[in-house]
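Novice: Just passing along the structure, written as structure tokens.
The values are calculated or read from the model by the stated rules, or taken from the named source; none is laboratory data. Just so it is clear, the structure is predicted and the values come from calculations on it, not from any experiment. Note that each Cβ is placed from the backbone with ideal geometry, even for glycine, and that neighbours are counted across all protein chains shown. Heavy atoms of the whole protein, side chains included, go into the accessibility calculation; ligands, DNA and RNA do not. Shrake-Rupley method; radii C 1.70, N 1.55, O 1.52, S 1.80 Å.
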Amino acid sequence: MSKNDFSIQEVFGGGLTEVAPVSELRVDGKKDEKLKKVLYPSILLAVLIVLWEVCVLAFGMPQTVLPSPFSVARALAVNFKSLILPELIFTLEIIAAGYTISVLAGFLLAALCSQSRLLARSAAPLAVMFMVTPTIILIPIFMVFLGFSPIVRIIVVVLQCVPIIMLNTLTGFMSIEPQQREMLAAHGCSRRQILTKFTIFNAMPQIFTGLKIGCVISTIAALGADFAMGKEGLGYRIKISSSMVAIDMVFATIIVAALVGIVMFEIVSFIERRVIVWKRGG
Amino acid sequence: MAESSRIRLLGEGWFGGLAVQVALLGAVLALWYVLVVGFDVPEWQLPTPARIFGSMVNDFTTIAPHLLSTSRNVLLGFFISVALGLSLAIVIYFNAPVGMTITPFINLMCIIPLITIVPLLMLWLGFGNEAKLIAVVLQSFPIVNLNAFASFSNVDPLRLELMQSLKATRYQTMRCCVLPDAMPGIFTGVKLAAILALIAEVTSEIVGGNTGLGAQIIQYTQYMKMPQAFACVFYTALFGALFHQSLSFIERQLVKK
Amino acid sequence: MSKIEMRGVSKKFMARREELLALCDINLRVEEGEFVCIVGPSGCGKSTIIRIIDDIIKPTAGVVKVDGVTYDNSLPIPRELVRKMGFVFQTSNLYPWLTVRENICLPLKIFGLRGREWAEYADFLIDRAGMAGSADQYPRSLSRGMSQRAGVVRAMVHRPEILLMDEPFGSLDERTRERMNVELLDIWRESGITVIFITHNISEAVLLSQRAYIMAIDPGRVIGDVEIRLKRRDLSALSDYHFVEYCDYINRSIGSIGLEKAI
């Protein structure tokens, strides 16, 4: 049973797991299950979209309160190139820069801290402090010094994201069981060999957990920064569309932002599947 | 995966962890003070920690209602999220078709940045607490649910067999076996939800409305009242830290392994 | 009428789209008060058999009859019948979040057996097992032998008539195991309980049981049963000539399977 602080069980991103508690129910009728797992949610999704359309038509909702699915799709298609795409690229750049820096810094810090218990004990609470504080509140203050520079946004993303990646990676690094360490020592491995190969391998699941949460957090931080700073970014587009009460645009941009989150997460999950080939059985 | 090493990591026990944090904090603040005085930074740019603490005390009556508003929304939203996330996880655990239907949506809600909905919510519901509360709940409950369900599914099958050999009811199995076994995993989700809840609340305040620490920080920086702005930042950080420590404390009580 | 009967029981498992025949046409019977062992190599399905008896696993075919009540693939076991059975696991399977005493009294809680007589009986068993000192501690402070003892006490706390034991002493060292074997025999003689004991250790089977079912692997099936008559059932019996003969016979039965033609 894993006890991971600030991390999610590896099932996050692994999709559905068996529900029935009795172990043997797991083994019957696998093919049927797979079909149902795709079919049921698809049915629900279709029902929800139809319901949405029906509500709009039946209650005569003004387009300013709840647009129909069609008008959202139309707004998306029409305005994508002109209004959404530039903001999308901008926000993507922020997220990419922030996330990359966070990952590198997180790994580095974790590697440093894993060398010394004392360092880990000192650094971890500091990391926790940053993690539990919503760094978006620092934006107005940073803006006093740096104005509207995109650096402010990147700093905010990094500050929010690094602790999580660092703590998860550190947990992963420190998670060699004493018996495993003994076994390796008995086989005559030098300390460096132990550290590099085995530690990293052993830490992989936990590292990826941190990377996945980091994805989500950096997306949230970047969009929050858009809200706070305005002028550019998907969050800005959402805010300004809603102040103009162009709700179909709001919906459209929200969908684009959601897709950003999803795609980013799936990329990390894909890499994870390639790297961690020894997935535990359910 | 990591067991005991994880707990030691963040300071032995409650007191140890707190002591290290306080010491570190002291060091950082001392450094800050030295830098500000050394480089003669004007107060409207970066006030000294002393000045900020002074503001925290002197301006407390002005800041207090906002602190209250933020805390209230976060805590209320958080508790609703935990209750909702847990109960839904229990329902999904015992009801496979329901699980198959809604789990993809909950997975999705964990991944997508739901704070993008905040401007929309404020358009529909105004700048009041309702919109902020909904944003907090939407952002927090999926992660509680996901972690809880994953933990339920990872219960040691042998422990479940004991329940089966006694022909325990679903309620008994959940109460005596599944929930206690899943507690560590549940708390992981709960702590993450706490962080997301605060982020969602502060973001909502920044998007719109006049109440809450986030809104106040924007106000204060607009009027260049930097000590007060920093005071709000510190209060937010303090709230986040206290919230987190309380959850860790509760976790230590409930997870007896 | 036998206390426990299994007729034509088979069990198929699905493993990666392949069907695995774990048990093939098992026929067993155990009389009231008997101590019966099921002995066989690892993987022959012995654990599956007692799980089918306790209705933790459902058979693919065949029926189980306990005290005249039948249950099978479609019929669930009635609750009163479950109360008559106690199950001992291979690893003590104590819940780490409960104290030893709470673990032991767990069946009372699940079965709704309140009242002082039950609590007193639990205390009596705890004393008898020499666990009075550690009853209020958590399982992680127990040694393996004590853990297993706690597991056995837990299985008996609700006064079952049948004890199902899945290789309970397999993970213990020789000395502790022998001691536990002797204690188990004492408990059995005193209480008149019916015991089905699973093991892959042939000398343990011969020492403990009055009758042993011998199983083979691939598919899991019963290839015979042997009545074991020994004058003494304590550690001195281990060097008895007849004891060695029985062990040898069982050993040969299991070992010669490769030479027999499959039925």
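Novice: Return the subset of A:Lys197/B:Lys191; C:Lys58/C:Lys109; A:Lys81/A:Lys231; A:Lys81/A:Lys239; C:Lys84/C:Lys231; C:Lys65/C:Lys231 for which the Cα-Cα distance in this structure is over 23 Å, preserving the input order. Don't skip to the answer; put the middle values down first.
Specialist: Numbers: A:Lys197/B:Lys191 32 Å; C:Lys58/C:Lys109 25 Å; A:Lys81/A:Lys231 18 Å; A:Lys81/A:Lys239 18 Å; C:Lys84/C:Lys231 30 Å; C:Lys65/C:Lys231 32 Å.
In this structure, A:Lys197/B:Lys191; C:Lys58/C:Lys109; C:Lys84/C:Lys231; C:Lys65/C:Lys231 exceed 23 Å between Cα atoms.
Novice: Got a sec? Which residues of segment B:114-132 lose 40 Å² or more of accessible surface with every protein chain in place, vs. that chain alone, 1.4 Å probe?
Specialist: B:Ile115, B:Thr116, B:Pro119, B:Leu120, B:Leu123, B:Trp124
Novice: Once both labels are modelled 7 Å past Cα along the beta-carbon direction, what's the C:Val69-B:Leu68 spacing in nm?
Specialist: The answer from the label model is 6.2 nm.
Novice: Looking only at other chains, what is the average number of their beta-carbon atoms within 10 angstrom of each beta-carbon in A:118-126? Don't jump to the answer; show the numbers that get you there.
Specialist: Details: counts 0, 0, 5, 9, 6, 3, 8, 14, 6.
The shielding value for this peptide is 6.
Novice: Could you check how much of the accessible area of chain C is carbon and sulfur, as a whole percent, using a 1.4 Å probe?
Specialist: In chain C, the share of accessible area belonging to carbon and sulfur is 50 percent.
Novice: Let me ask something else. With a probe of 1.4 Å, find how much accessible area the protein assembly as shown has per residue, and write the answer as a whole number in Å². Let's see the in-between values first.
Specialist: Working: 35610 Å² over 802 residues.
That works out to 44 Å² per residue.
Novice: Please report the buried accessible area for the interface of B with A, total over both chains, probe 1.4 Å, in Å² to the nearest 100. Mind dumping the intermediate values first?
Specialist: Numbers: alone 14870 and 17160 Å², together 24570 Å².
For chain B against chain A, roughly 7400 Å² becomes buried.
Novice: Please list, by residue number, every one of the trypsin sites (Lys or Arg not before Pro) in segment A:195-234 that is coil in DSSP and has at most 13 other beta-carbon atoms within 10 Å. Could you put the intermediate results ahead of the total?
Specialist: On the way: sites: A:Lys197, A:Lys212, A:Lys231; in loops: A:Lys231.
When the trypsin sites (Lys or Arg not before Pro) of segment A:195-234 are filtered for loop state and at most 13 Cβ neighbours within 10 Å, A:Lys231 remain.
Novice: Okay, next question. Could you work out the helix-only [θ] at 222 nm for the protein assembly as shown, with each DSSP H run of four or more residues adding -39,500 (n - 2.57) and the total divided by the number of residues, to the nearest 500 deg cm²/dmol? Don't jump to the answer; show the numbers that get you there.
Specialist: Values: 31 runs with 492 residues, N = 802.
Estimated from H runs of four or more residues: -20500 deg cm²/dmol.
Novice: Determine the gain in length on full extension of the stretch C:Glu120-C:Val182; use 0.36 nm per residue of separation and subtract their C-alpha separation, reporting nm with one decimal.
Specialist: Numbers: separation 62, 0.36 × 62 = 22.32 nm, distance 2.48 nm.
Contour length minus Cα-Cα distance gives 19.8 nm.
Novice: Here is a further query. So which residues in segment A:135-156 end up with at least 50 square angstrom less accessible surface once the other protein chains are there, compared with the chain by itself, probe 1.4 angstrom?
Specialist: Relative to the lone chain, where solvent access is computed with a 1.4 Å probe, segment A:135-156 loses at least 50 Å² at A:Ile136, A:Ile137, A:Pro140, A:Ile141, A:Val144, A:Phe145.
Novice: Only helices at least 24 Å long along their own axis, judged from Cα atoms, and with Kyte-Doolittle mean hydropathy of -1.0 or greater: name those in chain B from DSSP H.
Specialist: Values: long enough: B:13-38 (38 Å, 1.90); B:60-94 (50 Å, 1.53); B:129-153 (36 Å, 0.93); B:179-207 (40 Å, 1.34); B:226-254 (42 Å, 0.77).
Sorted by number, the helices that extend far enough and score high enough are B:13-38, B:60-94, B:129-153, B:179-207, B:226-254.
Novice: In segment B:177-235, what chymotrypsin sites (Phe, Trp or Tyr not before Pro) fall in a loop by DSSP, with at most 11 other Cβ atoms inside 10 Å?
Specialist: Working: sites: B:Phe187, B:Tyr220, B:Tyr223, B:Phe230, B:Phe234, B:Tyr235; in loops: B:Tyr223.
Answer in residue order: B:Tyr223.
Novice: Let me ask another. Suppose each label sits 7 Å from its Cα in the direction of the beta carbon; what would the A:Ser82-C:Arg252 distance come out to in nanometres?
Specialist: 9.7 nm
Novice: Mind grabbing the interface size between C and B? I mean buried accessible area, both sides, 1.4 Å probe, in Å² to the nearest hundred. Don't skip to the end; give the middle numbers.
Specialist: Values: alone 13390 and 14870 Å², together 26260 Å².
Protein heavy atoms only, the C-B interface buries about 2000 Å².
Novice: Compare each residue of segment B:175-199 in its chain alone against the assembly with all protein chains, and report those whose accessible area goes down by 50 Å² or more; 1.4 Å probe, heavy atoms.
Specialist: Residues meeting the cut-off: B:Cys176, B:Thr188, B:Leu192, B:Ile195, B:Ile199.
Novice: Residue by residue, what Karplus-based ³J(HN,Hα) values in Hz, rounded to whole numbers, does segment C:100-110 have, using 6.51, -1.76 and 1.60 with θ = phi - 60° and x for Gly and Pro?
Specialist: 4, 4, 5, 4, 5, 8, 4, x, 4, 5, 5
Novice: Out of all DSSP beta bridges in the protein assembly as shown, what portion is antiparallel? Express it as a percent rounded to 5. It would help to have the intermediate numbers written out before the result.
Specialist: Values: 24 of 43 bridges.
Just about 55 percent of them are antiparallel.
Novice: How about segment C:183-244: which trypsin sites (Lys or Arg not before Pro) there lie in a loop by DSSP and see at most 11 other Cβ atoms within 10 Å? Spell out each step's value before the answer.
Specialist: On the way: sites: C:Arg189, C:Arg211, C:Arg221, C:Arg229, C:Lys231, C:Arg232, C:Arg233; in loops: C:Arg229, C:Lys231, C:Arg232, C:Arg233.
For trypsin sites (Lys or Arg not before Pro) across segment C:183-244 that sit outside H, G, I, E and B with at most 11 neighbouring Cβ atoms in 10 Å, the list reads C:Arg229, C:Lys231, C:Arg232.
Novice: Would you please give the FRET efficiency between A:Lys36 and A:Gln180, computed as 1/(1 + (r/R0)^6) with r the Cβ-Cβ distance and R0 = 35 Å, to the nearest 0.05?
Specialist: Working: r = 40 Å, r/R0 = 1.14.
For R0 = 35 Å, the calculated efficiency reads 0.30.
Novice: Let me ask you something else. What FRET efficiency comes out for C:Glu18 versus C:Ala61 if R0 is 30 angstrom and r is the Cβ-Cβ distance? Round to the nearest 0.05.
Specialist: Numbers: r = 19 Å, r/R0 = 0.62.
Efficiency, rounded to the nearest 0.05: 0.95.
Novice: Can you figure out the FRET efficiency of C:Ser171 with C:Glu227, using R₀ = 30 Å and their beta-carbon distance, to the nearest 0.05? Kindly include the intermediate steps, with their values, before the conclusion.
Specialist: Details: r = 29 Å, r/R0 = 0.97.
It comes out at approximately 0.55.
Novice: Can you work out ³J(HN,Hα) from phi for every residue in segment A:63-70, in order, using Karplus 6.51 cos²θ - 1.76 cosθ + 1.60 and θ = phi - 60°, giving whole Hz and x for Gly and Pro?
Specialist: Per-residue couplings from phi come out as 4, 7, 9, 9, x, 6, x, 5 Hz.
Novice: Name all residues of segment A:77-92 having a backbone nitrogen under 16 Å from the label point set 7 Å from the Cα of A:Ile267 along its Cα→Cβ direction, giving them as ranges.
Specialist: Label zone hits: A:88-92.
Novice: 5 Å is the cut-off here: which amide hydrogens, built 1.01 Å from N in the peptide plane, fall below it relative to C:Gly220, excluding neighbours closer than 5 in sequence?
Specialist: C:Leu23, C:Cys24
Novice: Taking 7 Å along the Cα-to-C-beta vector as the label spot, tell me the A:Leu108-B:Leu158 distance in nanometres, rounded to one decimal.
Specialist: For A:Leu108 paired with B:Leu158, the spin-label model returns 4.6 nm.
Novice: Per residue of B:155-161, how many C-beta atoms from partner chains lie within 10 Å of its own C-beta, taken as a mean? It would help to have the intermediate numbers written out before the result.
Specialist: Details: counts 2, 3, 5, 5, 6, 4, 11.
The mean count of partner-chain Cβ atoms within 10 Å per residue comes to 5.
Novice: Carbon and sulfur together cover what percent of the accessible area of chain B at a 1.4 Å probe radius?
Specialist: Working: 7140 of 10100 Å².
Ligands and nucleic acids excluded, carbon and sulfur reach 71 percent.
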